[in-house]
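Visitor: I'd like to ask some things about the structure below.
The values are calculated or read from the model by the stated rules, or taken from the named source; none is laboratory data. Since this is a predicted model, take the numbers as computed values, not measurements. Ideal geometry is used to build each Cβ from the backbone, glycine not excepted, and the neighbour counts take in all protein chains shown. Surface areas here come from the heavy atoms of the whole protein model, side chains and all, with no ligands, DNA or RNA. Shrake-Rupley method; radii C 1.70, N 1.55, O 1.52, S 1.80 Å.
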2 protein chains.
Amino acid sequence: MSETGWSNFEETVAQEAFDKAYQREIAALIEEVRAQASAIAEIKDMWVLHDFLSARRHDLDGKYEYRNSVLIFVFARLVKEGWLNIKELEGLDKDKLAKIVALARM
Amino acid sequence: MSETGWSNFEETVAQEAFDKAYQREIAALIEEVRAQASAIAEIKDMWVLHDFLSARRHDLDGKYEYRNSVLIFVFARLVKEGWLNIKELEGLDKDKLAKIVALARM
């Protein structure tokens, strides 16, 4: 166990789960943006797309922060939002998993 | 001739030309955004689209300002950029047209 409170094995599990969730959310977002763009009929629709992208970019920038100190919260949010299945975090220690599950239910 | 230096007839010509240029530029922009969106393959492409929309929105907001005091400059730019043909401004007085032509060549 390192100073961070995450073993090397846990780090590997965490990094993989994190990347998986990120790829999924990005893939879904790309689909959404393509659909919105193909449905643009007037200028207003284009600015709606622009506002949507601004909001999502800001949201994603804040959300996918890989720091050990906030990882429990990040994973709880990703599980809650459906980007990650709790099973994909197997390998983390029981305490961490229990916290993630509890936070995801809030 | 009103206080603004634009006759009612000139106002009509100007407003029509202005609207025409705006509709053309918007239509071209919508096409461009659709094309860019359909070509998004990864997250980076999406932020490129976002930056592009931010820049174009800012640009259009400043450019399509219908105020008599700046209209000569606006039309010169629209002619220069190809969104308006000088013939579509026929009906404006000779001085105004000459200024627009001269500015458009700069």
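Visitor: Looking for something open to solvent by 60 Å² or more (accessible area, probe 1.4 Å) and under 13 Å from the mean Cα position of the chain (by Cα) - is there at least one such residue anywhere in region A:69-78?
Guide: From region A:69-78, those open to solvent by 60 Å² or more (accessible area, probe 1.4 Å) are A:69, A:73, A:77; that's our starting set.
Within this subset, residues satisfying the condition of being under 13 Å from the mean Cα position of the chain (by Cα) are A:73, A:77.
Looking through region A:69-78, at least one residue is open to solvent by 60 Å² or more (accessible area, probe 1.4 Å) and under 13 Å from the mean Cα position of the chain (by Cα).
Visitor: Could you run through region B:12-52 and say how many residues are in contact with a Ser or Thr (Cβ under 8 Å, 6 or more places away or on another chain) and either more than 8 Å from every other protein chain (Cβ to nearest Cβ) or within 24 Å of B:GLY82 (Cα to Cα) (or both)? Even if it seems obvious, please write down each step before you answer.
Guide: Step one: filter region B:12-52 for residues in contact with a Ser or Thr (Cβ under 8 Å, 6 or more places away or on another chain), giving B:34, B:37-38, B:50.
Subsequent filtering for residues that are either more than 8 Å from every other protein chain (Cβ to nearest Cβ) or within 24 Å of B:GLY82 (Cα to Cα) (or both) retains B:34.
Count: 1.
Visitor: Is it fair to say A:ALA55 is within 10 Å of chain B (Cβ to nearest Cβ) and either surrounded by fewer than 17 Cβ atoms within 10 Å (Cβ to Cβ) or within 23 Å of B:ALA27 (Cα to Cα) (or both)?
Guide: Numbers: within 10 Å of chain B (Cβ to nearest Cβ): no; either surrounded by fewer than 17 Cβ atoms within 10 Å (Cβ to Cβ) or within 23 Å of B:ALA27 (Cα to Cα) (or both): yes.
Against the criterion (within 10 Å of chain B (Cβ to nearest Cβ) and either surrounded by fewer than 17 Cβ atoms within 10 Å (Cβ to Cβ) or within 23 Å of B:ALA27 (Cα to Cα) (or both)), A:ALA55 does not qualify.
Every residue, every condition in (1) modelled with pLDDT under 95; (2) in contact with a Lys or Arg (Cβ under 7 Å, 6 or more places away or on another chain); (3) under 30 Å from B:TYR22 (Cα atoms), yes or no:
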site	(1), (2), (3)
A:ARG34	yes, no, yes
A:ALA41	yes, no, yes
A:LEU53	no, no, yes
A:SER69	yes, no, no
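Visitor: For region B:28-45, does any single residue satisfy the condition of being more than 18 Å from A:ILE40 (Cβ to Cβ) and in contact (Cβ under 8 Å) with a residue 60 or more places away in the chain? I'd like the intermediate steps shown before the answer.
Guide: The initial filter retains those residues of region B:28-45 that are more than 18 Å from A:ILE40 (Cβ to Cβ), namely B:41-44.
Next, only the ones that are in contact (Cβ under 8 Å) with a residue 60 or more places away in the chain stay: none.
No, that holds for no residue.
Visitor: For B:LYS63, work out the one condition from (1) modelled with pLDDT under 95; (2) farther than 30 Å from A:ARG24 by Cα; (3) open to solvent by less than 40 Å² (accessible area, probe 1.4 Å); (4) within 11 Å of another protein chain (Cβ to nearest Cβ) it doesn't fulfil.
Guide: (4)
Visitor: Six or more apart or on different chains, Cβ under 8 Å: which pairs go from a residue in region B:58-71 that's touching a residue at least 24 places away in the same chain (Cβ under 8 Å) to one that's of a type in the set (Asp, Glu) and open to solvent by 40 Å² or more (accessible area, probe 1.4 Å)? Could you list them?
Guide: If the second residue must be of a type in the set (Asp, Glu) and open to solvent by 40 Å² or more (accessible area, probe 1.4 Å), no pairs are left.
Visitor: Quick one: would you say A:GLU81 is away from chain B (no Cβ under 14 Å) and closer than 29 Å to B:HIS50 by Cβ? Steps first, answer last, please.
Guide: Values: away from chain B (no Cβ under 14 Å): yes; closer than 29 Å to B:HIS50 by Cβ: yes.
Yes; evaluated as a whole, the condition is true for this residue.
Visitor: Look at A:SER2 and say whether it is open to solvent by 40 Å² or more (accessible area, probe 1.4 Å), modelled with pLDDT under 95, part of a helix (DSSP H, G or I) and of a type in the set (Ser, Thr, Tyr). Lay out the reasoning, then the answer.
Guide: On the way: open to solvent by 40 Å² or more (accessible area, probe 1.4 Å): yes; modelled with pLDDT under 95: yes; part of a helix (DSSP H, G or I): no; of a type in the set (Ser, Thr, Tyr): yes.
Answer is no for this residue.
Visitor: Please work out if B:GLN23 is polar (S, T, N, Q), assigned to a helix (DSSP H, G or I) and either open to solvent by less than 70 Å² (accessible area, probe 1.4 Å) or in contact with a Lys or Arg (Cβ under 9 Å, 6 or more places away or on another chain) (or both). Don't jump to the end; show me each part of the working.
Guide: On the way: polar (S, T, N, Q): yes; assigned to a helix (DSSP H, G or I): yes; either open to solvent by less than 70 Å² (accessible area, probe 1.4 Å) or in contact with a Lys or Arg (Cβ under 9 Å, 6 or more places away or on another chain) (or both): no.
Against the criterion (polar (S, T, N, Q), assigned to a helix (DSSP H, G or I) and either open to solvent by less than 70 Å² (accessible area, probe 1.4 Å) or in contact with a Lys or Arg (Cβ under 9 Å, 6 or more places away or on another chain) (or both)), B:GLN23 does not qualify.
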